[in-house]
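Student: Below is a structure I'd like to ask you about.
The values are calculated or read from the model by the stated rules, or taken from the named source; none is laboratory data. These numbers were taken from a predicted model, which means no experiment stands behind them. Counting neighbours? That spans all protein chains shown, and the Cβs are built from the backbone with ideal geometry, glycine included. Calculation scope for accessible area: heavy atoms of the full protein, side chains included, ligands and nucleic acids excluded. Shrake-Rupley method; radii C 1.70, N 1.55, O 1.52, S 1.80 Å.
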Amino acid sequence: MTDRNAAESGDDLPGKPTSMSRTTLSHIMTANDTNLLGTVHGGVIMKLVDDAAGAVAGRHSGGPAVTASMDEMAFLEPVRVGDLVHVKAQVNWTGRTSMEVGVRVLAERWNESTPPTQVGSAYLVFAAVDADGKPRRVPPVIAETDRDRRRNQEAQIRRTHRLARRRAIRELREKRAAEGFED
């Protein structure tokens, strides 16, 4: 949403460019992070993803934000002990009180000078909250590059799909309940 669109919708919060909240979290993987196969546990990577996305959401919204959902967490390559993991996150889309944060996970061998390899990606939705845990407004995100504009459009598609999926599931459950089925 642009500042002009925000003004037309009655939104009094000025927009923030994507670069204002973009961040990278880096962490070296140790033996404490491994699973039974000797690679880094997916849950460790997911926590790093949530941490980086949460920092971006809080920075963009100017206060606390909580994870509402995680979509499409994809693990592309295994991460190993000794890998230096970089988790890059940015706001892709904002609604009234929520925002989507896109995350890319990169890994590089600590003892090699090869470029980092993308090992994962995810999309998370955060809700901005006040001190009482109630939803609060978030500033619109201002896309600065063609890549940012593409990410914003893709985020809107994911949002449409999330809402349609929730609606279809709710309708199915209501129908089953009306038919006397207990779940």
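Student: Here is a list of conditions, (1) under 30 Å from Pro14 (Cα atoms); (2) part of a loop (DSSP other than H, G, I, E, B), and Pro78 meets all of them except one; can you say which number that is?
Tutor: (1)
Student: Between a first residue in segment 160-181 that is touching a residue at least 24 places away in the same chain (Cβ under 8 Å) and a second residue that is open to solvent by less than 90 Å² (accessible area, probe 1.4 Å) and acidic (Asp, Glu), which pairs have beta carbons less than 9 Å apart while being 6 or more apart in sequence or on different chains?
Tutor: Within 9 Å, the pairs are Arg162/Asp71.
Student: Next up: For segment 96-110, how many residues meet the condition of being part of a loop (DSSP other than H, G, I, E, B) and among the basic types (Lys, Arg)?
Tutor: Count: 1.
Student: Mind checking which pairs have a first residue in segment 108-131 that is among the basic types (Lys, Arg) and a second that is in a loop (DSSP other than H, G, I, E, B), Cβ under 7 Å, 6 or more apart or different chains?
Tutor: Listed by first residue and then by second, the contacts come to Arg109/Gly82.
Student: When segment 29-73 is examined, which residues are found to be within 15 Å of Ala127 (Cα to Cα) and assigned to a loop (DSSP other than H, G, I, E, B)?
Tutor: Passing the criteria: Gly62, Gly63, Pro64.
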